[in-house]
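The values are calculated or read from the model by the stated rules, or taken from the named source; none is laboratory data. These numbers come from a predicted model, not from an experiment. All Cβ positions, glycine included, derive from the backbone under ideal geometry; neighbour counts span all protein chains shown.
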């Protein structure tokens with residue numbers, strides 16, 4: 001893992017932990033506008049959390065931009081990837097190979113079961 005992506009992950013996790021602490025302290029609130037979630041708060045935890053997540057996104061963007069310029073002139077490597085898009089309870093699996101599609105299908109089932117467990121408890 002490259003340094004910028006590791007730094008991005010650290011800032012993102014730290015930001016989420018500050019936001020969770022802000023929710024527990026009662027200084028951060030949130031809601032939904034149509035389908036878009038939003039957060040608002042007035043304390044130090046909410047401010048630090050949003051700032052850390054912003055820094056994480058900034059470092060991730062820098063990592064992607066530097067990664068685009070590093071690979072010129074090198075041998076092509078086979079890369080596989082995929083994504084799961086959850087529209088309500090319906091998973092949509094997008095993948096570059098059948099192996100990745102099966103893996104993401106089982107991840108989608110686990111997420112659906114986790115959400116079902118949370119909603120029914």
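Residues that are on the phi < 0 side of the Ramachandran plot and either assigned to a strand (DSSP E or B) or free of Cβ contacts under 8 Å to residues at least 12 places away in the same chain (or both) within the stretch 32-43 comprise 32, 33, 35, 36, 37, 38, 39, 40, 41, listed in sequence order.
Filtering the stretch 80-95 to residues that are surrounded by 13 or more Cβ atoms within 10 Å (Cβ to Cβ) and outside any strand (DSSP E or B) leaves nothing. Checked against the criteria, residue 104 counts as in a helix (DSSP H, G or I) and at pLDDT 90 or above.
Filtering the stretch 1-31 to residues that are at pLDDT 85 or above and assigned to a loop (DSSP other than H, G, I, E, B) leaves 26, 27.
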